[in-house]
1. Based only on the alpha carbon positions, what is the Kirkwood hydrodynamic radius of the chain, in angstrom?
2. Using amide H atoms built 1.01 Å from N in the peptide plane, name the residues 5+ places from residue 77, or on other chains, whose amide H lies under 5 Å from its own.
3. Please return the longest range in the chain lying between exposed loop sites, taking GluC sites (Glu not before Pro), DSSP loop only, at most 13 other beta-carbon atoms within 10 Å, and leaving the sites out.
4. Between region 182-197 and region 292-327, how many Å separate their Cα centres?
5. Arrange 322, 303, 148 by Cβ neighbour counts within 10 Å, fewest through most, would you?
6. Could you give the nm distance between label points at residue 37 and residue 229, where each point is 7 Å from its Cα heading toward the beta carbon?
7. By how many degrees, between 0 and 90 and to the nearest 10, does the Cα long axis of helix 168-195 differ from the longest principal axis of the chain?
8. Tell me the net charge near residue 101. Cut-off is 13 Å between Cβ atoms, residue 101 excluded, with +1 for each Lys or Arg and -1 for each Asp or Glu.
Amino acid sequence: MKIIVFSNAKTVSGTFNKIEKKGDWFIEYHAFDEMKKMLKTIPVKSLVYVDAGTMKMPEIRKVLIQLEKQEGCRFGFLDPKGSVADVAEIFHRGGVDYIGKQECKDGIDAKRMKRVLEFIAAGSGETEEEVGTTEIIPGLIPSGPDWRSIKSGNEYTFSFMFIELDNQRELKKNYGADNLKVVVQKFHDIINSIIAPVHGKIWIWMDFGGLILFPFNGEKSDAVLTSFSIMLNRRLINAEDMDHDLLLSYRIALHIGNTIYETRGDTGELISDTINSIFHLGQKYAEPGNLYLTAEMQPFIPRGLEKSFIPAGTYEGREIFRMRHVL
């Protein structure tokens, strides 16, 4: 389940350390000033916590009313200084949790969060499993943490990674047809060795790159960190793994969406808006040597890397983010 915390306190993560280490909870931390803007785009079924530590009761009530008006928003308050004078009002206005002074200090565990899910389920009529699934995109069909439950002919939600070599004319000119095939195959094998440990699978491969699928369990995507690493290590990949002097450049585009799954080699008849979107983004919008991701993928940027991505405009009606340039 996705938890979004709005706080200006650097120590707030200590409250969630226990559940964050278990890996069942995806937690984002944002400054309190970002809350008003972000509430409009927070995925359905996320759990929002607001730190009341620096607020007076009138401001707490103002925030409470704002959260109450946000349709589908599940929220609670962190109260490390005992600032909330009327705890009951949080629940009267639709809140689902209150973490008091001692609990903020000691940290919360999985048993407590299970009780929160049970409380939400009792009020919503959903099952605990349904409550715990964050709906990042409409029509989510989680494909699971790996490939064991994925069957050909069925529709699933995947993380999509498009990757393709840049400077294709230059590559053709410098290598010739036969040598170029060797270079591209080497590139294919290197990428495959990087993505395989995190269950990535090359699904479609073309002349200079292809489309990779990562199973998506509804809570976490390894595609962002994997792609980030591939971009940062471009020079090392060239130096250690490629037998030539030309520095290969490539671009990556990431997206989350649905498609019917077929085994590699049997994808020729597939028609999917998601597949079209990721190819358009990677081939028509992405600039050479850059990593891009869509608004659907943005919530899965790993903690600590959020500031490494900046807005890069809108393409085909979808907000796009780009990785900052690095040396």
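Bear in mind that the values in this text are calculations on the coordinates, not laboratory data. These figures come from a predicted structure and were not determined experimentally. Cβ sites come from the backbone with ideal geometry, for glycine too, and all protein chains shown count toward neighbours.
1. Kirkwood radius, the chain: 21.7 Å.
2. 50, 97, 98, 99
3. With a cap of 13 other Cβ atoms within 10 Å, the longest stretch comes to 72-268.
4. With region 182-197 and region 292-327 each reduced to a Cα centre, they are spaced 24 Å.
5. Listed from fewest to most nearby Cβ atoms, that is 148, 303, 322.
6. Output for this residue pair reads 3.1 nm.
7. Relative to the chain, helix 168-195 is tipped by roughly 40 degrees.
8. Once positives and negatives cancel, what remains is -2.
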